[in-house]
């Protein structure tokens, strides 16, 4: 472990493996981003990674996808539903329902760190960052906010400069980015946003490591976590280039 001032401040972030969307196992009825998955992660003393989406009425709910189809028996866009509607929806193959961020915080209660990804529609709307910070304001446990979208992270820096914030990233070559202009993709790849996002850490795709800009960030004393690790072999490889892993499909 390195001992830069940044690492000392964020030792809680890299102290234990991070369960990707909670410690989920669909074969046991434990689905990603649910109360059951978070309970399982806490039982194993793992940090919890989760995702937030914004609802039609401006609430932050715990869910990964923009649409409801993959994980529920409902269909269509999540952000056209209200929080009251969404928390009634049962997650398929489980007994869990969708949670608000407030409900997640009540469940975790500071027992393990939370690493929270703000999902984005890449349209400049940062309402989710604002709402998440508002809900988190009284929370006493360790947490960090992160996003692929620099606008979200810059908003966190503007609204609450002391909140731990990170950039989730890869080399920006995957189809996920096809809707973005080439120059914006190049900027994401090369971290040209760092002067305005000022991240405290990176969460970087394991399959795109090593990558010189990431290693330079880490060499400057800032922590790097990586995603998504799915075996002990991958974990061993990843830890050559990062300070902690975000894992699923095995017990870290």
Tell me the mean residue ellipticity at 222 nm calculated for the chain from its helices only (DSSP H runs of n ≥ 4, each -39500 (n - 2.57), averaged over every residue, nearest 500).
-7500 deg cm²/dmol
With 0.36 nm assigned to each residue of separation and the Cα-Cα distance removed, residue 159 to residue 173 gains 2.0 nm
Gaussian network model of the chain, Cα springs within a sub-10 Å range: biggest mean-square fluctuation belongs to which of 49, 158, 85?
85
Determine the principal axes of the Cα atoms in the chain, then give the extent along each, sorted from largest to smallest and rounded to whole angstroms.
46, 38, 37
Antiparallel DSSP beta bridges within the chain, as percent of all bridges there, nearest 5:
25
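What is segment 132-215 by shape, rounded, prolate or oblate, if you read a ≥ b ≥ c off the alpha carbon gyration tensor as root eigenvalues and call it rounded for a/c under 1.5, prolate for a/b larger than b/c, and oblate otherwise?
Values: a/c = 2.16, a/b = 1.78, b/c = 1.21.
Taking the square roots of the gyration eigenvalues as a ≥ b ≥ c, segment 132-215 is prolate.
Using the Kirkwood radius built from alpha carbon pairs, what does the Stokes-Einstein equation give as D for segment 102-244 at 25 °C and 0.890 mPa s, in µm² per second? Write down the numbers at each step before the final one.
Working: Rh = 16.0 Å.
Estimated diffusion coefficient is 154 µm²/s.
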Which of 217, 148, 38 fluctuates most in a GNM of the chain (C-alpha springs under 10 Å)? That residue is 217
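Taking the Cβ of each residue in 14, 115 as the centre, tally the other Cβ atoms inside 10 Å and list the residues starting with the fewest.
Lowest count first: 14, 115.
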Assign one of three labels to segment 167-219, namely rounded, prolate or oblate, based on the Cα gyration tensor with a ≥ b ≥ c the square roots of its eigenvalues; rounded applies when a/c is under 1.5, prolate when it is not and a/b is larger than b/c, and oblate otherwise.
oblate
Could you work out the pair-distance distribution P(r) of segment 8-68 from its alpha-carbon pairs, with 5 angstrom bin width and percents rounded to whole numbers?
4, 19, 22, 20, 16, 12, 6, 1
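All of the numbers you see were taken from the coordinates with simple rules; none came from a lab. Predicted model, so just to flag it, every value in this text is computed and none were measured. Cβ: placed from backbone, ideal geometry, glycine included. Neighbour counts: every protein chain shown.
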